[in-house]
């Protein structure tokens, strides 16, 4: 299965309120590891050292310190087009968390805009 299709299937299987996802990626052809590493920097993937899996990709849905799912999907589409093959494995899914934003001292217009943007 192409990497992009595999990742899309993973994201579509998640609950509606998922916030964070961690996926491990293993490259089938290790001779292409260096070239693939350049691609993986686009999503700030963490490389493993001497492990069965090559990278861990952190994905955030809506907010957080990780790559957006659309960006990760675009990366895997790009890798599919370049002929890379491999496997993806879901390591962890977090759900039900809410973003905490300090609103003290902000005008009501900012608070209202924040509520409108987060309700969509």
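Every read-out reported here was derived from the displayed coordinates using simple, explicitly stated rules and does not represent laboratory data. Being a predicted model, the structure only gives us computed values, none of them experimental. Every residue, glycine as well, gets a Cβ built from its backbone with ideal geometry; the counts of neighbours run over all protein chains shown.
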The lone condition residue 57 fails out of (1) within 24 Å of residue 29 (Cβ to Cβ); (2) touching a strand residue (DSSP E or B) at 6+ places or on another chain (Cβ under 7 Å); (3) assigned to a loop (DSSP other than H, G, I, E, B) is (3)
Can you pull out the residues in the stretch 1-50 that are in contact (Cβ under 8 Å) with a residue 24 or more places away in the chain, farther than 11 Å from residue 88 by Cα and assigned to a strand (DSSP E or B)? 18, 19, 20, 21
Let me confirm something: among 91, 59, 101, which residue is surrounded by 15 or more Cβ atoms within 10 Å (Cβ to Cβ) and either under 25 Å from residue 16 (Cβ atoms) or in contact (Cβ under 8 Å) with a residue 24 or more places away in the chain (or both)? 59
Only one of (1) more than 30 Å from residue 114 (Cβ to Cβ); (2) surrounded by fewer than 12 Cβ atoms within 10 Å (Cβ to Cβ); (3) under 17 Å from the mean Cα position of the chain (by Cα) fails for residue 76. Which number is that? (2)
Qualifying residue in the stretch 105-113 (condition: more than 15 Å from the chain's Cα centre (by Cα), in contact (Cβ under 8 Å) with a residue 12 or more places away in the chain and not in a helix (DSSP H, G or I)): no
Can you give me the number of residues within the stretch 11-27 that are surrounded by 11 or more Cβ atoms within 10 Å (Cβ to Cβ) and more than 14 Å from residue 68 (Cα to Cα)? 6
